[in-house]
Amino acid sequence: MKKIMMKAMLATALLAGSISGQVGSAHATAAKPTAAPIMRDNLSKYGLVKDVELPVTVTAGGLSYTLEKIMIFDAKSKDAQALAKQYGYDLDGAQYFIWTKITIENKGDKIIQKNSKDLSEKWRLNFGDLSKGEAYVSMPLKTVLVQNYKPNNKQALWSWVLKPGEKLSSYQGYLYSGKFNYFEIWLDNKGASATKYIVNEKK
């Protein structure tokens, strides 16, 4: 009787070990889920082949500008129309609506701002069609024309103020109707300027 019980216990132990090994093996060989790559631009759709990958940072006069993402939409597309409706952009007959995610930082020792006290644009996006000029920022009317308006809007940027050491991430919409020959960021602040080509000029 004891021998029978010992054999039964041994068989149970072996079976448990076998199952445990199978489970452990399954866990060891199971494929780990991989994170989907972040889509930072659709420049190739418009024939623009990047020479550098986003995000890209340009700094001048104590102002740091980082382009995190950029998406170019036909102004009549559903995406462009949805953003225009959500934030109150007037597409104004433009051919393209350009949606950017940016981060700006004041690395200087004085206030940097773009508002009624300082109307100068601190950065520009140029795509190389000189006959049409650069892309220009569109006003998000639904975030600007409201009571108790405050600058530094994090959903749709218009006016902004950065004290020394302050950083802000937000989105900006641009209008453009030219061709796409290259892509350059131009930054200017306090008499200092810098440029960075994301896509070099076609030869």
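Observations on the structure shown:
- Contour minus Cα-Cα distance for ASN115 and ASP129 (0.36 nm per residue): 2.2 nm
- Simple rule: put +1 on each Lys or Arg Cβ and -1 on each Asp or Glu Cβ in the range 60-117, find the dipole, and look at ILE72, ILE102, GLY61; the Cα lying farthest toward the positive end is GLY61.
- The distance from the alpha carbon centre of the range 127-154 to that of the range 38-111 is 11 Å, rounded to a whole number.
- Nitroxide proxy distance, nm - points 7 Å out along Cα→Cβ at GLN86 and LYS107: 3.1 nm
- Between VAL49 and LYS150, the FRET efficiency from the beta-carbon distance, with R0 = 35 Å, is close to 0.30.
- Stretchable slack from LYS167 to GLU201, in nm (0.36 nm times residue separation minus alpha-carbon distance): 9.1 nm
- Among the listed pairs LYS117/LYS142; LYS163/LYS202; LYS117/LYS179; LYS154/LYS179; LYS110/LYS154, those with a Cα-Cα distance over 28 Å are LYS163/LYS202; LYS117/LYS179; LYS154/LYS179.
Readers should treat all values here as calculations from the given coordinates under stated rules, not as data from a laboratory. Keep in mind it's a predicted model, so treat the numbers as computed, not measured. Reconstructed Cβ throughout: ideal geometry from the backbone, glycine too, with neighbour counts over all protein chains shown.
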